[in-house]
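Got a structure here, written out as structure tokens. Questions coming.
The values are calculated or read from the model by the stated rules, or taken from the named source; none is laboratory data. For clarity, every value in this text was computed on a predicted model and none was experimentally measured. Positions of Cβ are generated from backbone atoms using ideal geometry, with glycine treated the same way; all protein chains shown enter the neighbour counts. Please note that ligands, DNA and RNA were not included when accessible areas were found on the heavy atoms of the full protein model with its side chains. Shrake-Rupley method; radii C 1.70, N 1.55, O 1.52, S 1.80 Å.
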Protein chains: 2
Amino acid sequence: MSRKMLIENGTFAVLEQDQTVIDGFMLVEDDLLTYIGSERPDHCDDAEVLDGRGLLFLSGLVNTHGHAAMSLLRGYGDDMVLQKWLQEKMWPMEAKFTGSDVYWGTALSVLEMIKGGTTTFLDMYDHMDQVAQVTEESGIRGVLMRGAIGLCPPEVQKQKLDEAVAFARNWHGKANGRITTMISPHAPYTCPPDYIEQFVQAAHDLDLPMHTHMSETQAEVEQNVADYGARPVEHLLKLGMFSRPTLLAHGVHLTDEEIEVLAAHKVAISHNPGSNLKLASGVARVPELLKAGVTVSLGTDGAASNNNLDMFEEIRLAALIHKGVSGDPTAVPALEALRMGTEYGAQSVFLNNTGKLAAGMKADFIALNTEQAHFVPRTDYVSHVVYSAGPKDVEHVWVDGKQIVKHGVCLTLDEERIRHEAQAAFEGLLSR
Amino acid sequence: MSRKMLIENGTFAVLEQDQTVIDGFMLVEDDLLTYIGSERPDHCDDAEVLDGRGLLFLSGLVNTHGHAAMSLLRGYGDDMVLQKWLQEKMWPMEAKFTGSDVYWGTALSVLEMIKGGTTTFLDMYDHMDQVAQVTEESGIRGVLMRGAIGLCPPEVQKQKLDEAVAFARNWHGKANGRITTMISPHAPYTCPPDYIEQFVQAAHDLDLPMHTHMSETQAEVEQNVADYGARPVEHLLKLGMFSRPTLLAHGVHLTDEEIEVLAAHKVAISHNPGSNLKLASGVARVPELLKAGVTVSLGTDGAASNNNLDMFEEIRLAALIHKGVSGDPTAVPALEALRMGTEYGAQSVFLNNTGKLAAGMKADFIALNTEQAHFVPRTDYVSHVVYSAGPKDVEHVWVDGKQIVKHGVCLTLDEERIRHEAQAAFEGLLSR
């Protein structure tokens, strides 16, 4: 017999063009949404009832690019030139990361993400077994991959590839399907061409999608042309990557022709506006990408370059900056920005069962408390979510039908312990 | 005998270049900060004691441009071309605003601002007696002015000027000095030159500073050149405005020469990044303004064009967008952005007794709850405030030595009633 929950008197952000919200009822059966509508559904007398008054229900937010454990380096280096920041601050500290550091850094990030309404996150890092463990324990949905930098001797390259393959095979479909995996060379500028080809082959062998960083900075694009005689899109196309379903992070510096190639090969882009602004990488051509039919989703990137994991901020930045930079106030409308943070996010990580409030989808959803000044007057809830809401408006969170945040408190993780252990991990990194 | 409060075990963001925070003690006597330091002060045995553990104390945020009552139109029109938005949405509704609408709209905004850590706000609008009343009741510090649009017959022009003068004279220094006033023609493109000159004369007569909108859009600058043969800075200079202490809102489109004129005349700029992005007005030349020595502060603008009144967001945007647009990751460092939201804000509205945590200043300060994931690890609290914090991290707020928010609850305003009345006011506007 299935476990049922009926939400009454709620407002449900279904985000259809002709009807963005429905006032009424939503039925959850086990891990699935089975009904949303203005009329009370049949066959729900045995359901647990939740009064949705004063709550706005949204599909959970999907963070499509990040390195969760890097929250241990939040605020450790800011407002610096990229190479100096990487060479003097990030890389020396990251080289010291142990599995335990990754566990606590990831727990710190997942805690922040869950409480802020993110129900699915992508993670590309090292020590991924620990990331998978946090994912399993916390109840979040995770799209996980061992990211590999190939600037190392062949035997180390091989070891990283083997780890990436073993991780992807071992964890795909685990935690009741909450964990899926991808195959991820770090970037064209950190992986020699033949090494990228080995990852493409592994992705074919495992029938998994691929993820990599691409064209984050202008300098990186120029280096690619100098080294390989091609811009990154053409380079990756030649290496066969786009023969797999692929998600690229950043894609800030793209030509019209490159956008056409991405659209033709159904390659998705994870737009990371906060990180791109903070690292002065530039402003991605999101209106042009959307117009060309490319699936564009949103990511926070790691907390060392953001410095939070607030998807409401990424949604808002996506809606704001392209207007300001293009001079067109209709660029990236609010509804499109919110879809980028939900529906397009799920599509970007190749999940077809989440990212939308609709019957048949997984019960991955959040409830915002709208009984607050910044949600008044009740004009347009999509506008309010995009332009006014924040992570702490999140009252409740469910993933896979299970409630993991209740009245702002995470039910699955020990917040105080995580903050303490993460602080200790950071101090340990400093002292080693 | 003075009323004393001693804060122990706190972290105090004094924001000096060589020491941004002090761990220790802060003493408040009546409406003043009298001590901040790492040692326990003398003569405080009779003080009420507050345990500051887990709290970060900051000077209250200063919002230097807005139209509070416009929160009644939050989300009523978004993602539209400016003229269509003004003509079809804003102006028809604003024409119907009564004193009661302004009262409830302002109360809604002040509630959001106070709870979000803003302790001083500037307001330019109509029905200003109601705005002053909300300011008095709420306990916030207000810099208030009747803004006048001069596109009307001479007798209406005169009536507005008289109202502006009477309001400025009647309310300046009221509410224990919490209310100060300024003189404010709306903008060079909405006020004929001779009308602006009358405001300049009034400001001289009353010995008050001036405020106006200027160079928000490129079109407005071009219109000014077409109408008056000069760009707005030269135009206002000729009309004598800069003979008064002046704060200009926006200043998005400025030449190098105009920046020099502003610096030479000590004219301050209220940078409104959220509003400028949303309305696609462009990105102000903030790094150049700061380099030239212009005082740049931050404003939310009205909630119809933002759509929140979150000063943390404006501080973050100020730190982020100029990096992304200029390609320089050192443009507008975090400390400078935070000063723009506090110290430079107070300077912009010509208050020399607030905007900074220092002995001798008014006790206008806020406490953020740092026992949260996004403040971990404890690396750099200035970075965390600028890049990670949000309005709902505000635990307590004091203005003029009086606590007005305690554990996130506003002590001076009836939140539930304000939300209800603001919603009713909006529905009334729709139905009239």
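Taking segment B:316-365, which residues are touching a His at 6+ places or on another chain (Cβ under 7 Å) and β-branched (Val, Ile, Thr)?
Within segment B:316-365, just B:Val332 meets the criteria.
Given the options B:Ser38, B:Ser71, name the one that is modelled with pLDDT of 95 or more and more than 12 Å from chain A (Cβ to nearest Cβ).
Among B:Ser38, B:Ser71, only B:Ser38 is modelled with pLDDT of 95 or more and more than 12 Å from chain A (Cβ to nearest Cβ).
Still on this model: Out of the residues in segment B:59-76 that are open to solvent by 10 Å² or more (accessible area, probe 1.4 Å) and touching a strand residue (DSSP E or B) at 6+ places or on another chain (Cβ under 9 Å), which is nearest to B:Gly117 (Cα to Cα)?
Ranking the qualifying residues of segment B:59-76, first place goes to B:His67.
Right, here's the next one. How many residues, within segment B:376-407, are open to solvent by 10 Å² or more (accessible area, probe 1.4 Å), facing another protein chain (nearest Cβ under 10 Å) and under 30 Å from B:Glu137 (Cα atoms)?
Residues meeting the conditions: 3.
Also, quick follow-up: When only residues in segment A:332-370 that are in contact with a helix residue (DSSP H, G or I) (Cβ under 7 Å, 6 or more places away or on another chain) and either assigned to a strand (DSSP E or B) or modelled with pLDDT under 95 (or both) count, which is surrounded by the most Cβ atoms within 10 Å (Cβ to Cβ)?
Out of the qualifying residues, it is A:Leu368.
Only one of B:Leu108, B:Leu161 is farther than 20 Å from B:Gln347 by Cα, buried (at least 24 other Cβ atoms within 10 Å of the Cβ) and hydrophobic (A, V, I, L, M, F, W, C); which?
Sole residue among the options that is farther than 20 Å from B:Gln347 by Cα, buried (at least 24 other Cβ atoms within 10 Å of the Cβ) and hydrophobic (A, V, I, L, M, F, W, C): B:Leu108.
So, one more: Residue by residue through segment B:190-208, note down the ones that are open to solvent by 20 Å² or more (accessible area, probe 1.4 Å) and farther than 16 Å from B:Gln157 by Cα.
Across segment B:190-208, the qualifying residues are B:His204, B:Asp205, B:Leu206, B:Asp207.
Need pairs with beta-carbon distance below 6 Å; first residue free of Cβ contacts under 8 Å to residues at least 12 places away in the same chain and within 8 Å of another protein chain (Cβ to nearest Cβ) and within segment A:324-337, second of a type outside the set (Lys, Arg) and open to solvent by 60 Å² or more (accessible area, probe 1.4 Å); sequence gap 6+ or separate chains.
Cβ pairs passing all conditions: A:Pro329/B:Val81.
Given the structure, is B:Gly142 open to solvent by less than 10 Å² (accessible area, probe 1.4 Å) and in contact with a Pro (Cβ under 6 Å, 6 or more places away or on another chain)?
Criteria not met by B:Gly142.
Condition (residue is open to solvent by 50 Å² or more (accessible area, probe 1.4 Å), over 23 Å from B:Val405 (Cβ atoms) and not assigned by TED's automatic domain parsing to the domain that holds B:Ser305) applied to segment B:45-58: is it met by at least one residue?
Yes; the residues of segment B:45-58 include at least one that is open to solvent by 50 Å² or more (accessible area, probe 1.4 Å), over 23 Å from B:Val405 (Cβ atoms) and not assigned by TED's automatic domain parsing to the domain that holds B:Ser305.
Can you name the residue in segment B:315-330 that is at pLDDT 95 or above and within 21 Å of B:Glu16 (Cα to Cα) and is also surrounded by the most Cβ atoms within 10 Å (Cβ to Cβ) among such residues?
By that ranking, first place goes to B:Arg316.
Which of the residues belonging to segment A:274-307 are part of a loop (DSSP other than H, G, I, E, B) and under 13 Å from the mean Cα position of the chain (by Cα)?
Hits for segment A:274-307 are A:Gly299, A:Thr300, A:Asp301, A:Gly302.
Run down B:Ala422, B:Ala373 and say which single residue is within 12 Å of another protein chain (Cβ to nearest Cβ), under 30 Å from A:Leu111 (Cβ atoms), open to solvent by less than 50 Å² (accessible area, probe 1.4 Å) and modelled with pLDDT of 95 or more.
Testing whether each residue is within 12 Å of another protein chain (Cβ to nearest Cβ), under 30 Å from A:Leu111 (Cβ atoms), open to solvent by less than 50 Å² (accessible area, probe 1.4 Å) and modelled with pLDDT of 95 or more leaves just B:Ala373.
Out of A:His250, A:His271, I need the residue that is buried (at least 24 other Cβ atoms within 10 Å of the Cβ), within 19 Å of the chain's Cα centre (by Cα) and either free of Cβ contacts under 8 Å to residues at least 40 places away in the same chain or within 19 Å of B:Asp328 (Cβ to Cβ) (or both). Which one?
The conditions single out A:His250.
Do you know which residues across segment A:291-315 are acidic (Asp, Glu) and within 9 Å of chain B (Cβ to nearest Cβ)?
Within segment A:291-315, A:Asp310, A:Glu313 qualify.
Oh, and also: With the checklist (1) of a type in the set (D, E, K, R); (2) modelled with pLDDT of 95 or more; (3) crowded, with 22+ Cβ neighbours inside 10 Å in hand, flag the one item A:Asp79 doesn't pass.
(2)
Answer with yes or no whether B:Tyr125 is among the hydroxyl-bearing types (Ser, Thr, Tyr) and either open to solvent by 10 Å² or more (accessible area, probe 1.4 Å) or modelled with pLDDT under 95 (or both).
Taking the combined requirement at face value, the residue satisfies it.
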